[in-house]
Amino acid sequence: MTVPETDSLRAPAGAVRPAAWRAQAPVVAVVAAGGALGATARYALALWWPLQPGGFPWATFWTNVVGCAVIGVFMVIITDVWAAHRLVRPFFGTGVLGGFTTFSTYAVDIQRLVDDGHPRVGLAYLGVTLVAALTAVWLASAATRRVLKWRQS
């Protein structure tokens, strides 16, 4: 017994949904463009502040912490203040900030530190980055809300 497809966004196997693709193409394009910008900025920072063998990966650490803080500010602004165009969030939030922050490099840095005989630095980096990134999002969003509330008074 087959069950009829009830989800209007999913086509039967083998069917092509050009209308759905055309609707998503602008989103994919702005995410790609934003990702290119964010990744380029991250790469430039890594070139400017190179990793020393066995050292703490400061460039990746600060990239992630600053990116998470900007995510906190951005999310408050587009959810509480500004009715942004539908492509702003995918472009800046997913694209630029997703390309700028780099938790994949964070994982590679940890593995490299452990493999190179610096497990304590790797473990410290693992914990400090996680706590700092989450704290940055929380503090930035709380501070943004406080500033917006103060400005409305």
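The values are calculated or read from the model by the stated rules, or taken from the named source; none is laboratory data. Being a predicted model, the structure only gives us computed values, none of them experimental. Cβ atoms come from the backbone with ideal geometry, glycine included; neighbour counts cover every protein chain shown. Accessible surface is based on the protein model in full, side chains and every heavy atom, while ligands, DNA and RNA are left aside. Shrake-Rupley method; radii C 1.70, N 1.55, O 1.52, S 1.80 Å.
Annotations for the structure displayed:
- Summed over the range 101-118, residues that are open to solvent by 40 Å² or more (accessible area, probe 1.4 Å), closer than 24 Å to THR40 by Cβ and either over 23 Å from the mean Cα position of the chain (by Cα) or touching a residue at least 40 places away in the same chain (Cβ under 8 Å) (or both) total 1.
- Considered as a group, the residues in the range 119-153 that are in contact with a Phe, Trp or Tyr (Cβ under 7 Å, 6 or more places away or on another chain) and among the β-branched types (Val, Ile, Thr) include one that is surrounded by the fewest Cβ atoms within 10 Å (Cβ to Cβ), and that residue is VAL121.
- Selected residue (only one of THR60, THR94 is modelled with pLDDT of 90 or more, touching a helix residue (DSSP H, G or I) at 6+ places or on another chain (Cβ under 7 Å) and within 24 Å of VAL28 (Cβ to Cβ)): THR94
- Boolean, ARG151 is without any contact (Cβ under 8 Å) to a residue 12 or more places away in the chain and of a type in the set (Lys, Arg): yes
- Complete set of residues in the range 79-93 that are assigned to a helix (DSSP H, G or I) and more than 19 Å from the chain's Cα centre (by Cα): ASP80, VAL81
- Any hit, the range 40-56, residues being under 13 Å from GLY99 (Cα atoms), open to solvent by less than 40 Å² (accessible area, probe 1.4 Å) and in contact with a Gly (Cβ under 8 Å, 6 or more places away or on another chain): no
- Any hit, the range 78-89, residues being farther than 28 Å from GLN24 by Cβ, open to solvent by 50 Å² or more (accessible area, probe 1.4 Å) and without any contact (Cβ under 8 Å) to a residue 24 or more places away in the chain: no
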